[in-house]
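Written below as structure tokens is the structure these notes are about.
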Amino acid sequence: MDSRDAAGLPALGYLLHGVGDTNEEILSMYTTDADAENRMNYLLDNISFIKDQVDTATNEWQASGGDYIGMFLSEENAGTDVGSSLGMLINSYSKHYERFLRDGKIGIPAGVRSAGTPRPLAVEAYYGEYSVELASANLQQVEKIFTGADGRGLDDNLEALGAGDLSDEIQTQFDEAQSALDGLSDPLSQQIEENNDPVLTTFEEMQQVFTTLKADMTSILGITITYQDNDGD
């Protein structure tokens, strides 16, 4: 039996939003229900589990902890070869965008990976009903890695190599994908059931970003994609 949703953020979403139909019903499940104490302990244990995972990952990056930042910036891991810091970053960046943002949050629920049959139950935060909000925030963070926000980003690498036009094109595609996402409404599961076409259009806009990032940007930067993609894009 698949137990991936038994702990972590998916479980937290269910525990906070899915154990009752109203706020009053949910509250009663943690106060007056026969299993209220066990349910509350499960909730608190899950919150502690999530915090421990976040703290561990944060500590691994710190110079005072695992010092992954030092290894990432080290001279021995410079360059663009397979195994270099930049190569690993862009591979993870591309993989996250493809599998967890484009597909996981939009394409799979919309039916892109199931022969056109929508799967509204597969949306992120199904019980919390803020799937579009999370997808939008995720896209914004992906864009920040590209632009560097107030610092250096992947766009600076492209411009340094004389590919400023490509950088501008990718930025435009990010804007168009964000605009498409902004046009969707929560709960996304309901949007998919009642009017799925805008969701499919959003997937296509997000696909344009992905194709340019994975093919054109990596070509200019000399990065080899080493992970196996989902659909040959």
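The values are calculated or read from the model by the stated rules, or taken from the named source; none is laboratory data. Please read all numbers here as calculations on a predicted model, not as lab measurements. Cβ atoms come from the backbone with ideal geometry, glycine included; neighbour counts cover every protein chain shown. Surface accessibility is based on the protein's heavy atoms, side chains included, excluding ligands, DNA and RNA. Shrake-Rupley method; radii C 1.70, N 1.55, O 1.52, S 1.80 Å.
Before moving on, here are some points about what is shown:
- S94 sits with roughly 10 Å² accessible to a 1.4 Å probe, with DNA, RNA and ligands left out of the calculation.
- Dipole magnitude for the chain: computed about the Cα centre from +1 point charges on Lys and Arg Cβ and -1 point charges on Asp and Glu Cβ, it is near 480 debye.
- The heavy atoms of H17 offer some 70 square angstrom of accessible surface to a 1.4 angstrom probe.
- Only protein atoms count toward the accessible area here, which uses a 1.4 Å probe; on the chain, the carbon and sulfur part of that area reaches 50 percent.
- Whole-Å distance, taken between Cα centres, linking the stretch 169-196 and the stretch 39-96: 29 Å
- Inter-label distance, nm, simple model (7 Å from Cα along the C-beta direction), S114/T201: 2.3 nm
- Gyration tensor (alpha-carbon) shape descriptor, the chain, a/c threshold 1.5: oblate
- Residues of the chain: accessible area per residue with a 1.4 Å probe, Å²: 58 Å²
- Per-residue ³J(HN,Hα) for the stretch 37-48, Karplus 6.51 cos²θ - 1.76 cosθ + 1.60, θ = phi - 60°, Hz, x for Gly and Pro: 5, 5, 5, 5, 4, 4, 4, 5, 5, 5, 4, 5
- Unit charges on C-beta of K, R, D, E only; dipole of the stretch 1-73, Debye: 240 debye
- Three-way shape label, the stretch 1-122, alpha-carbon gyration tensor, a/c 1.5: oblate
- Using the Cβ-Cβ distance between S64 and L9 with R0 set to 22 Å, the FRET efficiency from 1/(1 + (r/R0)^6) comes to roughly 0.25.
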